[in-house]
Protein chains: 2
Amino acid sequence: MENKTTIHDIAKALKIDASTVSRALNNSPRVSQKTKARILAKANEMGYQRNVLASNLRKSVTNTIGVIVPRISRHFFSSVISGIEEAAYDAGYNVIICQSLEQLKRERKIIETLLANRVAGVLLSVSMETVEFDHLLNMKNNGTPFLFFDRHCEIEGISSVLIDDLQGGFEATEHLILNGCKNIGHFSGPQELAIYRNRTAGYRKALEKHKIPFRPELILRSSLMENDGAEGAKTLLSLPYDIDGLFSANDVAAIGAMKYFKKEGIRVPENVAIVGFSNEPVSGIIDPSLTTIDQPGFQIGQIATKLLLDEISNSSKDNIIIGKTTIQKSSLIERDSSRRIT
Amino acid sequence: MENKTTIHDIAKALKIDASTVSRALNNSPRVSQKTKARILAKANEMGYQRNVLASNLRKSVTNTIGVIVPRISRHFFSSVISGIEEAAYDAGYNVIICQSLEQLKRERKIIETLLANRVAGVLLSVSMETVEFDHLLNMKNNGTPFLFFDRHCEIEGISSVLIDDLQGGFEATEHLILNGCKNIGHFSGPQELAIYRNRTAGYRKALEKHKIPFRPELILRSSLMENDGAEGAKTLLSLPYDIDGLFSANDVAAIGAMKYFKKEGIRVPENVAIVGFSNEPVSGIIDPSLTTIDQPGFQIGQIATKLLLDEISNSSKDNIIIGKTTIQKSSLIERDSSRRIT
DNA sequence: CTGTTAGCGCGTTCAT
DNA sequence: ATGAACGCGCTAACAG
């Protein structure tokens with residue numbers, strides 16, 4: 001039942017020392033091929049399984065990588081996690097998932113726990129409240145490799161895997177303009193987060209390109225929750241002129257707006273672009289007035305994991321600081337055709 | 001930088017023994033309140049943090065619970081995980097997430113890894129391929145507490161947290177019938193999984209109640225992927241009579257069917273009920289022809305975790321086998337109103 | 001209540 | 001290329 005075979009057992013059976021067995025099992029070059037083969041065979045025969053806990057203690061690192069996201073149930077994040085899990089699995093790492101629930105306090109606590117558990121590295125997308133970086137700097141000083149994805153902070157020597165939000169915002173807005181919209185509302189999020197600043201910058205860039213005057217009152221900042229979307233829709237409708245387009249910096253708020261429009265019996269504007277929406281199974285049948293910008297979550301997860309694993313192996317070899325790496329992706333998906341523009 | 005304070009350091013500083021410190025830090029009742037206080041104060045002062053790895057090795061258990069789901073990116077599962085994570089977090093446990101991707105082979109490997117990592121317990125929803133239980137029985141023999149949720153196997157002494165699928169299937173079908181449907185197609189999944197058998201049983205029960213003759217050709221079994229839905233829709237449309245309703249055992253296949261209908265320019269049947277759909281943010285604006293059965297993923301996660309934690313603490317105290325616990329939940333959400341029937 | 005002793009199983013020195 | 005010995009930091013006996 002209980003697996004009790006240790007390296008000592010197999011050493012005894014082979015009349016050699018446990019340290020040799022240990023070396024062989026770690027594929028050390030300092031063991032002859034012959035004994036290595038003998039040991040591996042015996043280990044197999046005896047059904048040996050390395051005691052991960054002891055190994056962890058000795059090395060004082062685990063083979064686990066920590067992941068921190070605001071919310072697992074947001075489709076974008078679960079897609080990213082999916083990608084992370086897959087890449088990590090292939091490399092023999094476990095993944096431990098944590099949710100900050102957009103709270104800085106929780107984010108701090110989580111990082112503390114992860115460090116206490118000696119994770120090999122951390123992948124994180126910061127919470128909306130994360131305006132102080134002490135806990136992140138602490139993690140850096142502690143020597144734990146980490147990487148941002150999607151939402152990041154500017155920290156020297158820490159890489160990020162990002163979507164090109166400016167381009168996404170630009171494409172979303174231009175899409176509306178090309179469909180004849182002039183007065184385009186924009187739901188934006190906390191300006192502390194680069195993703196929202198960038199999406200807004202994209203919005204303005206598109207207006208400029210098409211010589212549409214910028215109206216500050218069309219930009220509504222919120223936490224982009226569903227009821228923020230509803231409130232925003234209400235506010236936009238109360239303007240003295242009609243809006244004919246809406247670019248929301250995320251899906252949740254856009255959906256809130258859609259619901260509000262419907263509830264009030266108001267005809268939804270013909271074109272609404274949403275950045276941040278990537279709910280694949282639904283995107284094809286969702287309300288026709290929605291167009292979405294796809295966030296390739298899965299790939300982001302994979303890429304981020306690979307980069308992190310690189311850093312993990314490098315940092316253990318040496319102390320080389322890798323420069324800031326930025327991966328940029330963006331694509332616009334049209335609702336009906338599921339065809340990609342761009 | 002590195003946290004080096006051990007229980008020995010603080011023992012030395014207080015001129016007592018390390019074991020007493022250990023006991024105090026574990027809040028053992030066999031240390032006087034006074035010394036306990038002194039120790040805690042000193043530990044705090046010295047910035048002590050328990051070395052989890054050493055603790056794990058000594059106890060040969062971690063404070064981590066493993067979770068296995070078919071796919072993280074399915075909204076239902078990510079909701080469950082959310083609930084698990086929250087309940088576990090409150091109890092001081094970490095959560096390690098794994099995806100079987102519906103493959104028995106992966107499920108086996110994952111369980112092996114989890115056991116090797118000495119997780120405190122496991123929560124799992126089996127893959128569609130899981131028709132052999134050797135790996136699960138192995139885990140049981142190994143003494144690792146575990147619990148099924150949503151998709152389960154009948155294993156003596158192992159509890160499950162389930163949705164009342166028969167009732168759900170019944171409600172979905174009756175909903176269609178009450179809306180005037182007579183010829184109701186049904187997408188079902190692998191019959192090895194109880195959830196699909198039960199949903200189908202609910203379908204038949206509703207037909208019987210309303211004295212609608214059962215037609216075997218209306219039931220289509222598949223893996224319920226999106227293209228299965230499309231294929232199924234095609235098949236149903238090729239019948240010599242018209243269908244006027246569709247009850248799909250999951251959301252993905254239903255969406256596949258919807259897409260097919262639209263692509264072919266066919267008018268979607270007025271009422272379509274979907275069991276297994278719980279994509280909250282979208283449910284309110286999804287295609288009007290869809291009605292969904294809500295699966296309360298978050299709560300299931302919480303409940304399952306609490307039960308597991310119970311078993312974990314009991315099994316360490318004693319070897320009591322807890323009987324099969326079944327939690328049943330089901331509710332039908334109407335699209336427009338978001339109001340719950342039942 | 002507290003101290004003493006003894007490992008958990010592994011990886012890694014230092015020898016040879 | 002292999003063996004001997006040590007210790008990672010903690011907890012669980014067993015004393016007293």
query: A:Ala54 versus (1) facing chain B (nearest Cβ under 7 Å); (2) in a helix (DSSP H, G or I); (3) closer than 30 Å to B:Ile300 by Cα; (4) of a type outside the set (Val, Ile, Thr): which is the lone unmet condition?
result: (3)
task: Please list, ordered by first then second residue, the pairs with beta carbon atoms under 8 Å, 6 or more apart or interchain, first in the stretch A:250-261 and in contact (Cβ under 8 Å) with a residue 24 or more places away in the chain and at the interface with chain B (Cβ under 9 Å from one of its Cβ atoms), second part of a helix (DSSP H, G or I) and open to solvent by less than 10 Å² (accessible area, probe 1.4 Å).
output: A:Val252/A:Gly229; A:Ile255/A:Gly229; A:Ile255/B:Val282; A:Gly256/A:Gly229; A:Gly256/A:Gly232; A:Gly256/A:Ala233; A:Met258/A:Gly229; A:Lys259/A:Gly229
statement: Selection over the stretch B:1-30 where residues are more than 11 Å from DNA strand D (Cβ to nearest atom) and among the β-branched types (Val, Ile, Thr) yields a count of 1
Members of the stretch A:31-48 found to be outside any loop (DSSP other than H, G, I, E, B), within 8 Å of DNA strand D (Cβ to nearest atom) and open to solvent by less than 50 Å² (accessible area, probe 1.4 Å), listed by number: A:Thr35, A:Lys36
query: Could we say that A:Gly232 is under 24 Å from the mean Cα position of the chain (by Cα), modelled with pLDDT of 85 or more and not in a loop (DSSP other than H, G, I, E, B) here?
result: no
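Being at pLDDT below 90 and within 14 Å of chain A (Cβ to nearest Cβ) is the filter here; which residues of the stretch B:142-152 pass it?
Hits for the stretch B:142-152 are B:Asn142, B:Gly143.
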query: Is there a residue being within 13 Å of A:Leu308 (Cβ to Cβ), at pLDDT 90 or above, open to solvent by 30 Å² or more (accessible area, probe 1.4 Å) and in contact with a Ser or Thr (Cβ under 8 Å, 6 or more places away or on another chain) anywhere in the stretch A:93-104?
result: yes
statement: Residue hits (the stretch A:1-30; more than 22 Å from B:Ser60 (Cα to Cα), of a type in the set (A, V, I, L, M) and open to solvent by 40 Å² or more (accessible area, probe 1.4 Å)) are A:Ala13, A:Ile16
- line: Output for Cβ contacts, cut-off 8 Å, separation at least six or different chains, first residue without any contact (Cβ under 8 Å) to a residue 40 or more places away in the chain in the stretch B:22-44, second within 12 Å of DNA strand C (Cβ to nearest atom) and among the polar types (S, T, N, Q), reads B:Ala24/B:Thr35; B:Val31/B:Thr20; B:Thr35/B:Thr20; B:Ile39/B:Thr20
- line: Note on A:Ile110: of the conditions (1) part of a helix (DSSP H, G or I); (2) touching a residue at least 60 places away in the same chain (Cβ under 8 Å), unmet is (2)
- request: Report the residue count in the stretch A:120-141 for those that are outside any strand (DSSP E or B), touching a helix residue (DSSP H, G or I) at 6+ places or on another chain (Cβ under 6 Å) and within 14 Å of another protein chain (Cβ to nearest Cβ).
  value: 2
- request: May I ask you to list the residues in the stretch B:173-210 that are without any contact (Cβ under 8 Å) to a residue 24 or more places away in the chain and within 29 Å of the chain's Cα centre (by Cα)?
  value: B:Arg197, B:Arg204
query: What number of residues within the stretch B:80-102 satisfy the criterion of being more than 13 Å from the chain's Cα centre (by Cα) and either aliphatic (A, V, I, L, M) or within 12 Å of chain A (Cβ to nearest Cβ) (or both)?
result: 12
query: Is it the case that B:Pro213 is at pLDDT 80 or above and either open to solvent by 70 Å² or more (accessible area, probe 1.4 Å) or β-branched (Val, Ile, Thr) (or both)?
result: yes
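Restricting attention to the stretch B:64-84, which residues are small (Gly, Ala, Ser) and within 16 Å of DNA strand D (Cβ to nearest atom)?
none
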Hey, A:Ser60 of a type in the set (Ser, Thr, Tyr) and more than 11 Å from DNA strand C (Cβ to nearest atom) or not: no
message: Could you check the stretch B:1-16 and list, in sequence order, the residues that are closer than 26 Å to A:Arg118 by Cβ and either free of Cβ contacts under 8 Å to residues at least 40 places away in the same chain or part of a loop (DSSP other than H, G, I, E, B) (or both)?
response: B:Met1, B:Glu2, B:Asn3, B:Lys4, B:Thr5, B:Thr6, B:His8, B:Asp9, B:Ile10, B:Ala11, B:Lys12, B:Ala13
- request: Restrict the check to the stretch A:196-204 and report whether at least one residue is outside any helix (DSSP H, G or I) and polar (S, T, N, Q).
  value: no
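Per-residue answers, yes or no, for (1) more than 30 Å from A:Ile110 (Cβ to Cβ); (2) away from DNA strand C (no atom under 16 Å from the Cβ):
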{"position": "A:Thr6", "(1), (2)": "yes, no"}
{"position": "A:Asp9", "(1), (2)": "yes, no"}
{"position": "A:Ala13", "(1), (2)": "yes, no"}
{"position": "A:Asn27", "(1), (2)": "yes, no"}
{"position": "A:Ala37", "(1), (2)": "yes, yes"}
{"position": "A:Asn51", "(1), (2)": "no, no"}
{"position": "A:Ser55", "(1), (2)": "no, no"}
{"position": "A:Phe76", "(1), (2)": "no, yes"}
{"position": "A:Ile81", "(1), (2)": "no, yes"}
task: Please identify the pairs in which a residue from the stretch B:49-63 that is basic (Lys, Arg) and near DNA strand D (Cβ under 7 Å from one of its atoms) has its Cβ atom under 8 Å from the Cβ atom of a residue that is open to solvent by 30 Å² or more (accessible area, probe 1.4 Å) and not in a loop (DSSP other than H, G, I, E, B), counting only partners at least 6 apart or on another chain.
output: B:Arg50/B:Leu25
When residues of the stretch A:15-25 are limited to those that are more than 9 Å from DNA strand C (Cβ to nearest atom) and of a type outside the set (D, E, K, R), the one nearest to the other protein chains (Cβ to nearest Cβ): A:Ala24
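The values are calculated or read from the model by the stated rules, or taken from the named source; none is laboratory data. Keep in mind that this is a model prediction, so the values were computed, not measured. Glycine also receives a Cβ, built like all others from the backbone with ideal geometry; neighbour counts cover every protein chain displayed. What goes into the accessible areas is simple: the full protein's heavy atoms, side chains included, and nothing from ligands, DNA or RNA. Shrake-Rupley method; radii C 1.70, N 1.55, O 1.52, S 1.80 Å.
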